[in-house]
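Presented below is the structure to which this report refers.
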Amino acid sequence: MNAPVLSVRNISKQFGGIRAVSDVSFDVHKGEILGLIGPNGSGKSTLFNCILGQLRPTTGHVEINGKPVDRVRPADLSLLGLGRTFQQLSVFPKMSVLDNIILAGQEHEGTMLSRLFGKPDAGLTGKAEQLIEFFRLTPYRDTPAGSLSYGQQKLVDAAMAFMAGPGIVLLDEPAGGVNLTMLTHLKERLMTYNIEHGTTFVVIEHNMEFVMSLCTRIIVLAQGEIIAEGKPEEIRANQMVIDAYLGG
Ligand SMILES: Nc1ncnc2c1ncn2[C@@H]1O[C@H](COP(=O)(O)OP(=O)(O)OP(=O)(O)O)[C@@H](O)[C@H]1O
Ligand SMILES: [Mg+2]
């Protein structure tokens, strides 16, 4: 197997007396769609935030393409080839879908340079339009994001994570609160993107139908620790996972 594109090494995160993430290590390989599941409060979002520099881990570090990264800074994510979505929607409701997606790209691109050389969008509009088309949002291109349905806003939110052209995208509950039609559409688009671009995904989700049919491998967290790892069918049959999370 090729070297991992992302390695999580012994990450722990303590909040006062709470050990939210406890000595978590795993590798992610190119082109994988890795699911991260577990009960509410099991540390999934905290782990993402430690990997992506939103939080400073108490211990541990990440390696990108085999190179240790001392401290990931959110501003450096695209340089490191990482894109992400947050558990909470992060669209600006009054801005159009197009402008939201362009703005997500400006967080990554050399905006100073583009200003200096008089290229106001440094090709971002074209890229944003491609993503709008890819996620089938064309009818809403100029619509304020806040007037779309919740599911459509989640789709815009997902599209924003792709603006940096990242090699790895981490999605925190992309299907949370989304109806079945939109969920099926989102899953199909992510799978197509994965096949067409070889992009690697790590996906946190509670919707088991979504996770089991999208992911090639699943890691289960409970109380901050990895309790299981395997193919979807192995996870579905794992008694520890059933007891801790999936229920009877
Ligand atoms: N900023 C914070 N300060 C203090 N405690 C926190 C903070 N963020 C998270 N926690 C605690 O850390 C634990 C893990 O929370 P986290 O949000 O990572 O769980 P999660 O698995 O993402 O849950 P959910 O599925 O509900 O999103 C919880 O006990 C939570 O209360
Ligand atoms: Mg969470």
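See the values below:
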quantity	calculated
Unique match (being within 16 Å of ligand 1 (Cβ to nearest atom), closer than 19 Å to residue 156 by Cα and surrounded by 15 or more Cβ atoms within 10 Å (Cβ to Cβ)) among 58, 85, 46	85
Any pair with Cβ under 7 angstrom, 6 or more apart, that starts in segment 190-210 at a residue that is touching a residue at least 40 places away in the same chain (Cβ under 8 Å) and ends at one that is of a type in the set (Lys, Arg) and within 16 Å of ligand 2 (Cβ to nearest atom)	204/44
Selection from segment 169-188 of residues that are more than 16 Å from ligand 2 (Cβ to nearest atom), aliphatic (A, V, I, L, M) and in a loop (DSSP other than H, G, I, E, B)	none
In segment 71-82, the residues that are farther than 12 Å from residue 6 by Cβ, in contact (Cβ under 8 Å) with a residue 24 or more places away in the chain and not in a loop (DSSP other than H, G, I, E, B)	75
Subset of segment 41-70 (residues that are touching a His at 6+ places or on another chain (Cβ under 8 Å) and assigned to a loop (DSSP other than H, G, I, E, B))	70
Filter pass, residue 111 being at pLDDT below 90 and among the hydroxyl-bearing types (Ser, Thr, Tyr)	yes
Per-region count, segment 5-40, residues out of contact with any helix residue (DSSP H, G or I) (no Cβ under 9 Å at 6 or more places or on another chain), within 9 Å of ligand 1 (Cβ to nearest atom) and assigned to a strand (DSSP E or B)	2
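The values are calculated or read from the model by the stated rules, or taken from the named source; none is laboratory data. Just so it is clear, the model here is predicted, and its values are computed rather than measured. Glycine also receives a Cβ, built like all others from the backbone with ideal geometry; neighbour counts cover every protein chain displayed.
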